[in-house]
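Visitor: Structure in structure tokens, see below.
Throughout, read-outs are computed from the coordinates displayed, never taken from laboratory work. Small disclaimer: the values here were computed from a predicted structure and weren't measured. All Cβ positions, glycine included, derive from the backbone under ideal geometry; neighbour counts span all protein chains shown.
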Amino acid sequence: MKFNVNQQDLQQALSYCQGVIEKRSTLPILSNVLLDVNNSQLILTATDLDLIFVHQIKDIEVIEEGKTTTVSSTIYDIVRKFPSGKKINLSLSDKNKLQIESDKSNFNLNCISPSEFPLTDENFNDNEFSIDSKNLLKLLNKCKFSISNDETRHYLSGIYLHQTEVEDKNYLTAVATDSHRMSISKIRLDQKISFDPIILPKKTIFQLVSLLDNYDGQVKISNIKSKIKFELNNSFLISKLIDGKFPNYIQVIPKNNQKKLEVDLKSFLGSVDRVASVSLDKKDGVKFNLTKDALNLSVNNTNSGDGNETLGVKFDHNLEISFNSRYLIDVASQLNGEKVEIFFNDTGSPALIKDPSDFDSIYVVMPMKG
């Protein structure tokens with residue numbers, strides 16, 4: 001095996017692999033990336049057994065075809081420290097050494113035989129549909145911060161993706177909740193698709209988001225019983241799904257929140273962020289004291305002090321309610337419009353947050369007690 005590749009192309013591909021490979025794997029081969037050179041392309045594969053990532057770099061200079069595996073973090077660390085855009089020469093000097101040269105640098109890395117690398121080949125072509133990458137990215141970004149970290153309820157540690165129908169229009173809808181807050185977002189589909197509801201694991205979501213961040217185009221999605229495949233131009237991701245039943249989220253959406261607060265998004269985000277500064281672990285609630293057209297935000301921490309700010313808002317009632325500042329910042333950071341609308345019922349009931357510029361996303365946040 002002997003080939004030359006551009007530094008940036010290889011660094012980008014290896015950085016994606018880093019997101020898949022577990023830092024402390026019990027099987028040494030799972031710390032490795034598979035490099036397969038043939039037909040003037042380099043194919044890199046990384047897996048943790050639940051997630052498989054494959055990326056091709058096309059039109060490289062191949063002197064001799066072949067394949068090997070080497071420790072992903074080591075090769076990535078070396079490649080990213082080479083000058084940007086340089087040509088890198090890689091060759092298999094003997095069975096167990098991968099030689100990497102660029103300019104005056106020369107490295108020889110240990111290899112494990114590619115025959116030990118776990119590969120699965122499954123047919124995903126049954127029910128495929130395509131979606132615009134930017135729409136899918138938006139869907140995931142608007143929900144991912146609400147994913148639960150609670151290991152005991154594994155069915156909440158992902159995003160619930162399913163097809164919904166509203167007034168004869170079809171949508172791909174995403175929901176995530178940690179039972180303190182919930183995000184729901186949807187994107188319009190051109191037509192009804194054959195797609196069973198799934199729960200996409202957190203790790204897969206973050207890996208997918210990093211791929212979509214640098215990609216503009218169509219994403220092909222296909223799923224079979226317990227796995228899903230996302231196909232981009234030069235890469236694909238195959239992931240196991242979370243086995244479990246997602247709760248009935250519709251019944252959690254508040255139906256009778258009549259008290260509407262309208263506030264400038266930038267000012268709101270800035271104020272919450274500033275008053276939360278006195279809360280050392282961000283666990284103290286931000287207290288909302290609402291009166292007619294005024295919102296007073298305050299945080300009181302016994303160890304560090306207190307802070308408060310008042311904003312001019314549109315509001316017609318009197319209400320006191322407290323929220324976790326982190327939850328409000330997470331939601332507000334994902335909104336795109338000039339304003340944010342928050343609908344309340346009473347002090348102890350969840351609030352409904354909407355973005356007037358995006359009818360396809362809503363958020364529910366539980367208040368804090370006290």
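Visitor: Measure off 7 Å from each Cα along the Cα-to-Cβ vector at Lys220 and Ser349, then give the distance between these two points in nanometres to one decimal.
Guide: 4.9
Visitor: Enumerate the aspartates and glutamates that Lys23 could reach by cross-link, defined here as Cα to Cα under 20 Å, with residues fewer than 8 away along the same chain left out.
Guide: Asp48, Asp50, Asp77, Glu116, Glu151
Visitor: Sticking with this structure for a sec: Evaluate the Kirkwood expression for the hydrodynamic radius of region 22-81, namely the inverse of the mean inverse distance over all pairs of different C-alpha atoms, and round to one decimal in Å.
Guide: The Cα-based Kirkwood calculation yields 12.4 Å.
Visitor: Dipole size in debye (nearest 20) for region 128-251 around its Cα centre, Lys and Arg Cβ +1, Asp and Glu Cβ -1?
Guide: Using Cβ point charges on Lys, Arg, Asp and Glu, region 128-251 gives about 200 debye.
Visitor: Still on this structure, I have one more. Tell me what the chain gives for mean residue ellipticity at 222 nm when only DSSP H runs of n ≥ 4 count, each as -39,500 (n - 2.57), the sum divided by the residue total, rounded to 500 deg cm²/dmol.
Guide: Theoretical 222 nm ellipticity from helices: -5500 deg cm²/dmol.
Visitor: Now a separate question. For Lys225, which aspartates and glutamates qualify as cross-link partners when the Cα separation must be under 13 Å and same-chain residues fewer than eight apart are set aside?
Guide: Within the straight-line cut-off, Lys225 pairs with Glu122, Asp126, Asp196, Asp243.
Visitor: Between Lys104 and His317, take the C-beta separation as r, use R0 = 56 Å, and let me know the FRET efficiency to the nearest 0.05.
Guide: Taking R0 as 56 Å, the efficiency between Lys104 and His317 is 0.20.
Visitor: Ranked from highest to lowest mean number of other Cβ atoms within 10 Å per residue, what is the order of the peptides 355-362, 201-208?
Guide: Numbers: 355-362: 16.8, 201-208: 20.2.
Result, highest mean Cβ count within 10 Å first: 201-208, 355-362.
Visitor: Could you derive backbone 3J(HN,Hα) for region 333-345 from the dihedral phi with the Karplus parameters 6.51, -1.76 and 1.60 (θ = phi - 60°), listing whole Hz in sequence and x where the residue is Gly or Pro?
Guide: 3J(HN,Hα) across region 333-345, in whole Hz: 5, 9, 7, 10, x, 7, 10, 10, 10, 10, 10, 10, 10.
Visitor: Something else: What is the distance, in nm, between label points placed 7 Å from the Cα along the Cα-to-Cβ direction at His154 and at Ser277?
Guide: 4.4
Visitor: I've got another one for you. Which entries in the list Lys169/Lys339; Lys81/Lys229; Lys67/Lys138; Lys202/Lys369; Lys138/Lys266; Lys169/Lys255 go over 25 Å, if you measure between the two C-alpha atoms of each?
Guide: Result: Lys169/Lys339; Lys81/Lys229; Lys67/Lys138; Lys202/Lys369 exceed 25 Å.
Visitor: Within 10 Å, at most 14 other Cβ atoms, and a DSSP state outside H, G, I, E, B define an exposed site. Report the longest part of the chain free of exposed GluC sites (Glu not before Pro).
Guide: 168-337
Visitor: How high is the FRET efficiency between Gln191 and Arg326 when r is their beta carbon distance and R₀ equals 51 Å, given to the nearest 0.05?
Guide: Rounded to the nearest 0.05, the efficiency is 0.85.
Visitor: While we're here: Roughly how far apart, in whole Å, are the Cα centres of region 86-156 and region 295-321?
Guide: Using only Cα atoms, the two centres lie 46 Å from each other.
Visitor: Under a no-solvent Debye model with one identical scatterer per Cα of the chain, what's log10 I(q)/I(0) at q = 0.09, 0.11, 0.12 Å⁻¹?
Guide: -0.64, -0.86, -0.95
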